[in-house]
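Visitor: My structure is below; once you've seen it, I'll send some questions.
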């Protein structure tokens, strides 16, 4: 990390500290005077380090700050996930995995429900959290209790709706599942999803094939055929768009959009 980046991170950290009132953070420690923010000494006392050592962090000095110290700073200042991730990476540490199950932003849910195409929210293990009315009508499995995108996508049922399943869908989805599984070795729910997917007919062989480990298994422009009997008598080419809230990596919003934008989804 360059000196300029470290110094900029230190400036942000000072601003985050000064925005944090002393009362909730200090707990049983006595607050000195009538202050409206935490001092560097307050932080050092709670972290169990010298004031000079903590001050070096805010000055952007390149030192070996322990992961425990950085986690303590995040906890004391109640940093948002994006702030905590920046502080971890800026001090040479991998950010912790965000906790699953954070409250959903009502604005995101409302936006997801307003779409005129299949639209749904899922978590990091592809468990479906919310789906709009269009999704429930054209992909009824999304509205079932306990629905999971990956376990459905590799089921015999899915291979009827996801046309050219093995060539156009399976390798791409399997790549994403495998990469997520490697990134989060302690995710018990994702482990469970992988076991269920691998148990589906033919998936074990696909898992071991070079195609599912390819960096970009999607042919062409990423459009894939999907069958919607209420929309058209033949399969429709669709693109699956994915995005998420800026400060919450645990939620992903998926939108299944037809390449032909004139198609109506009743």
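Visitor: The conditions are (1) surrounded by fewer than 15 Cβ atoms within 10 Å (Cβ to Cβ); (2) in the same structural domain as residue 241 (by TED's automatic domain parsing), and residue 158 fails exactly one of them. Which is it?
Guide: Status for residue 158: all satisfied but (1).
Visitor: Just to be sure before I move on: is residue 84 assigned to a loop (DSSP other than H, G, I, E, B), surrounded by 19 or more Cβ atoms within 10 Å (Cβ to Cβ) and either without any contact (Cβ under 8 Å) to a residue 60 or more places away in the chain or under 15 Å from the mean Cα position of the chain (by Cα) (or both) in the structure I sent?
Guide: Working: assigned to a loop (DSSP other than H, G, I, E, B): no; surrounded by 19 or more Cβ atoms within 10 Å (Cβ to Cβ): yes; either without any contact (Cβ under 8 Å) to a residue 60 or more places away in the chain or under 15 Å from the mean Cα position of the chain (by Cα) (or both): yes.
Considered against the rule, which asks whether it is assigned to a loop (DSSP other than H, G, I, E, B), surrounded by 19 or more Cβ atoms within 10 Å (Cβ to Cβ) and either without any contact (Cβ under 8 Å) to a residue 60 or more places away in the chain or under 15 Å from the mean Cα position of the chain (by Cα) (or both), residue 84 comes out as no.
Visitor: Can you report the number of residues in segment 172-206 which are buried (at least 17 other Cβ atoms within 10 Å of the Cβ) and more than 15 Å from residue 159 (Cα to Cα)?
Guide: Total meeting the criteria: 7.
Visitor: For residue 242, only one of the following conditions fails: (1) assigned to a helix (DSSP H, G or I); (2) within 23 Å of the chain's Cα centre (by Cα); (3) at pLDDT below 95. What is its number?
Guide: (1)
Visitor: Suppose we filter segment 162-200 for residues that are closer than 26 Å to residue 226 by Cα, assigned to a loop (DSSP other than H, G, I, E, B) and either in contact with a helix residue (DSSP H, G or I) (Cβ under 7 Å, 6 or more places away or on another chain) or touching a residue at least 40 places away in the same chain (Cβ under 8 Å) (or both); how many remain?
Guide: 3
Visitor: Let me ask something else about it. Quick one: count up the residues across segment 107-125 that are over 24 Å from residue 146 (Cβ atoms) and in contact with a helix residue (DSSP H, G or I) (Cβ under 8 Å, 6 or more places away or on another chain).
Guide: Qualifying residue count for the region: 1.
The values are calculated or read from the model by the stated rules, or taken from the named source; none is laboratory data. Just so it is clear, the model here is predicted, and its values are computed rather than measured. Methodologically, a virtual Cβ is constructed for each residue, glycine included, from the backbone with ideal geometry; neighbour enumeration extends over all protein chains shown.
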